[in-house]
Amino acid sequence: MSPDSIYGYIWGGRASSAIDTAMTGGLAIPFYLKTIEVATKDKERFKGMGIEACGYLAGYHNNIKGDRDTAIFYIQKGLEFDTSNASLKSTLEILQKVSQNKQNSPKSQSRPGTKPVSSINKPSGGNTGIVRK
């Protein structure tokens with residue numbers, strides 16, 4: 001692959017995500033990271049691919065790693081490509097609201113030995129594959 005060509009990276013990410021449909025192996029991660037790196041150099045030209053990569057990485061970090069802050073980072077990175085993207089904006093609002101609610105909720109309400117269940121629902125108005133029910 002040519003280091004400044006985005007197409008090998010985006011298709012590597014797409015192929016890897018088709019193989020690792022549950023995202024548990026993280027096979028697509030290096031491809032999508034490189035996609036973002038190249039797309040950032042020409043945000044207008046590679047807008048769609050940058051948004052796709054950011055959405056995938058946000059979903060991976062939120063749903064697989066349980067790292068909402070990193071997911072928010074990638075959604076914000078995606079908004080650098082298109083500040084008016086309704087799906088990214090909606091997802092960002094949901095993630096921030098859940099994070100804020102989690103910070104404001106008293107810890108005494110959760111039972112010891114249980115894992116909190118996320119109440120994030122799929123945003124309406126577009127399928128980015130970012131959040132799971």
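The values are calculated or read from the model by the stated rules, or taken from the named source; none is laboratory data. For clarity, every value in this text was computed on a predicted model and none was experimentally measured. Counting neighbours? That spans all protein chains shown, and the Cβs are built from the backbone with ideal geometry, glycine included. These accessible areas exclude ligands, DNA and RNA; they are computed on the full protein's heavy atoms, side chains included. Shrake-Rupley method; radii C 1.70, N 1.55, O 1.52, S 1.80 Å.
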* So is R132 modelled with pLDDT of 95 or more and assigned to a loop (DSSP other than H, G, I, E, B) or not? -> no
* Residues that are surrounded by 21 or more Cβ atoms within 10 Å (Cβ to Cβ) and without any contact (Cβ under 8 Å) to a residue 40 or more places away in the chain, drawn from the stretch 32-50 -> Y32, T35, V38, G50
* Condition check for T24: over 12 Å from the mean Cα position of the chain (by Cα) and open to solvent by 40 Å² or more (accessible area, probe 1.4 Å) -> yes
* To do: Give just the number: which of (1) surrounded by fewer than 13 Cβ atoms within 10 Å (Cβ to Cβ); (2) touching a Leu at 6+ places or on another chain (Cβ under 6 Å); (3) not β-branched (V, I, T) does G78 not satisfy?
  => (1)
